Amino acid sequence: MKLKRELGLFDLTNIVIGSIVGADIYVASTLTAGLIGPFSIIVWMIAGLFATVIALVFAYCSYYVPKVGGPFAFVSEAFDHFYGFLTGWSMWIAEVLALSVFSLAFVNYLQYFIPLSFFQQIAVKGLFLFVLTFINIIGVKVAGKLNDILTIVKLSPLLLLIIAGLLFFAFNPKTIAANYSPLAPFGIGKIGTALVLIFWAYAGFELGTLPASEVKNPKSTVPKAIIIGMIIVTLFYLSTNFVVYGIINWRDLAKTSVPLVLVGSTLLGAIGAVIMTIGAMISVSGSDESGILGTARLSYAMSLDGMFPKIFSKIHSKYGTPYMSLIIQGAIAFTFAIFSGISRLISFSVFNLAFSFLLTCLALIVLTKNNVKKLHGQNILPLIGIVICLYLIYSTSMFDKIVGLVLILFGIPLYVFFSPKVEMSNLKKMFVSEEAIFSRRLERKEKFLANFLKLLHRIYRKLTMMD
C-alpha cells in the first residue's frame, strides 16, 4: 500500500513554518540575553542566514530527489545506503528528541494557568503526545489541515506583539535606544553557544522534505514550500526579537523563563500575558504536530529500504498512514519527556542535526548534474553549508560531541543487522542461482564502509569541475 498524495503547496508551507515556529521563539531570547545581551539580535540574523543556506541545500536536493525520506533519500541517491542510513539515523534521533522538548514546553506554559504535580505533568505530556499522534494516524490530510489552522493561529500572537511593539517605539523612541545600549555588554566570546541555541529555533525546515510521497507535484512543491516558509519565519523571528530586546532590558530578560509573556504584559497588561501564553501553547502544539508527521515519514522511508525494522513501514489499511512509526516514536518521545530536561535535549539535538545537514550538503555536490538546468547557487551553497555545519558541531558542548558520536556509531550495528538480510531477500527474488547471488553481493554498491574512498573521490571531482 502506498502513501496518499494529499498535501499541496499551502499545506506543505505550513508544515515547514509549523515545524520551525515552536516553543523556541518563546524561550530562546532569555537564554541568549544572559550570554551576549542585546547582541543576540545580530545572532538571530546570522542564524537565520545559516538556516536559509541549509534550507536552500535541502530545497535543491529535493528537486533532484523528490522522494519520501528527505535527507536519507538525498544521501542514499548521491552516495549509497550506508551513508544515507547515517544521515537518516542522526536526523531521526534529533527529531524524536525535539518531540520530547515540545511536550515539556507545553507543560511549562500550561502551568502559568494551572499548577501541576509531578504525576499530573507526566499525564499531560502523555495526553499531549497521544492526541497529536492519533490525529496523524487518522490521516495525513487531517493532520495537514490541522497544521494549517495551528500555524495561522500561532503566528497571530507574534504578529500582535510586533505591531504593538512598533507602535510603542513610535511614541517611546528613547526606550529602544536605552535597551540596546550597550549592544554587547559581555563581548562576543559566547557567540558560538548562543548561535547553537538560536539555530535550533530555525530548525524544522528539513521536515518539509520528509513527506514527499504525500505531496502533489513534489519536484516543484517541496522547494517552493521550503523557501517561502523560511522567508516568512525569518521575518517573524527578526521582527519579534527586535521588539523583545527593545521593550525589555537584557538584564530582566535574562532573569525570566517566559520572555514573550513579559513583553506582552509590558505592552498590553494582563491580557497581553494571557495571549502570549496561549500563543505559546498553540505554537508548541503546531510544531509537535508537524514534527510527528515528518519524523514518522523518515523512519518509514528507512524501513522500506531495510535500514529500520519492518514494523516501521507498516501502513494502516484504512487511513494509509505509517501508524507503527507514529506509535513507536510517540512512545520514545514520551520516555525522554519524563526523564530529560529542555536545555540538554536542545543542545544534543543540534549536534545530530548538524551531522545530518553536513552529509546532505556533501550529497548536493554529487547530485548536481551538468545536463540539468542549473539552479542558482547550487555549486557554492553546499560548500558554505559544510562550513556552517562544522561550526555548529564545533560550538556544541563536549558532552554533546561524545555522546552524539557514540549514538551515531551505535547505528552502525543496526545497519549491519537489517540491511544485508533485506537485500539478500530481494536478491533471491531477482536471481535463481547461488552463483548469481554471490556475484551480485560482490558487486553491490552499498557494501559496508567500502565506498568511503570512492565517496571522497566523487566529491573531489565535483569540486574540481566547479573550478
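The values are calculated or read from the model by the stated rules, or taken from the named source; none is laboratory data. Since the structure is predicted, the reported quantities are computational estimates derived from the model, not experimental observations. No Cβ is skipped: glycine too gets one built from the backbone with ideal geometry, and neighbour counts run over all protein chains shown.
Picking from SER325, SER317, SER287, SER265, which residue would you name as being in a helix (DSSP H, G or I), at pLDDT below 80 and of a type outside the set (A, V, I, L, M, F, W, C)? Selected residue: SER287, the only one of SER325, SER317, SER287, SER265 that is in a helix (DSSP H, G or I), at pLDDT below 80 and of a type outside the set (A, V, I, L, M, F, W, C). When every residue of segment 296-310 is checked against the conditions, at least one turns out to be outside any helix (DSSP H, G or I) and surrounded by fewer than 21 Cβ atoms within 10 Å (Cβ to Cβ). As a summary of the residue check, VAL68 satisfies the conditions (1) of a type outside the set (Gly, Ala, Ser); (2) crowded, with 24+ Cβ neighbours inside 10 Å; (3) at pLDDT below 85; (4) within 20 Å of THR295 (Cβ to Cβ) except for the one numbered (2). Of the numbered criteria (1) more than 30 Å from VAL131 (Cα to Cα); (2) at pLDDT below 80, the one PHE308 fails is (1). Examine segment 85-106 for a residue that is part of a helix (DSSP H, G or I) and touching a Lys or Arg at 6+ places or on another chain (Cβ under 6 Å), and state whether such a residue exists. Yes, segment 85-106 contains a residue that is part of a helix (DSSP H, G or I) and touching a Lys or Arg at 6+ places or on another chain (Cβ under 6 Å). A single entry from LEU86, LEU49, LEU97 fulfils the requirement of being modelled with pLDDT of 85 or more, out of contact with any Pro (no Cβ under 7 Å at 6 or more places or on another chain) and either aromatic (Phe, Trp, Tyr) or under 24 Å from LEU414 (Cβ atoms) (or both): LEU86. Of everything listed in (1) of a type outside the set (Val, Ile, Thr); (2) buried (at least 24 other Cβ atoms within 10 Å of the Cβ); (3) part of a helix (DSSP H, G or I); (4) touching a Phe, Trp or Tyr at 6+ places or on another chain (Cβ under 8 Å), the single unmet condition for MET281 is (2). When ILE54 is tested against (1) surrounded by fewer than 22 Cβ atoms within 10 Å (Cβ to Cβ); (2) within 19 Å of PHE205 (Cα to Cα), just one condition goes unmet, and that condition is (1). Considering only segment 253-269, I want to know if a residue exists there that is on the phi > 0 side of the Ramachandran plot, more than 25 Å from the chain's Cα centre (by Cα) and not acidic (Asp, Glu). Within segment 253-269, one or more residues are on the phi > 0 side of the Ramachandran plot, more than 25 Å from the chain's Cα centre (by Cα) and not acidic (Asp, Glu). Here LEU146, LEU155, LEU166 are screened, and the one residue that is at pLDDT 85 or above and among the hydrophobic types (A, V, I, L, M, F, W, C) is LEU166.
Condition check ((1) farther than 20 Å from LEU86 by Cα; (2) surrounded by fewer than 13 Cβ atoms within 10 Å (Cβ to Cβ); (3) at pLDDT 80 or above; (4) not hydroxyl-bearing (Ser, Thr, Tyr)) across all residues:
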residue	(1), (2), (3), (4)
VAL350	no, no, yes, yes
ALA354	no, no, yes, yes
CYS361	no, no, yes, yes
VAL366	no, no, yes, yes
PRO382	no, no, yes, yes
GLY411	no, no, yes, yes
LEU414	no, no, no, yes
PHE417	no, yes, no, yes
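Based on this model, can you work out whether GLY208 counts as assigned to a helix (DSSP H, G or I), modelled with pLDDT under 85 and farther than 29 Å from PRO38 by Cβ? Against the criterion (assigned to a helix (DSSP H, G or I), modelled with pLDDT under 85 and farther than 29 Å from PRO38 by Cβ), GLY208 qualifies.
Looking only at segment 154-164, decide whether some residue is over 24 Å from ILE17 (Cα atoms) and without any contact (Cβ under 8 Å) to a residue 12 or more places away in the chain. Taking every residue of segment 154-164 in turn, none turns out to be over 24 Å from ILE17 (Cα atoms) and without any contact (Cβ under 8 Å) to a residue 12 or more places away in the chain.
Among the criteria (1) at pLDDT below 85; (2) among the aliphatic types (A, V, I, L, M); (3) under 16 Å from the mean Cα position of the chain (by Cα), the one ALA105 does not fulfil is (3).
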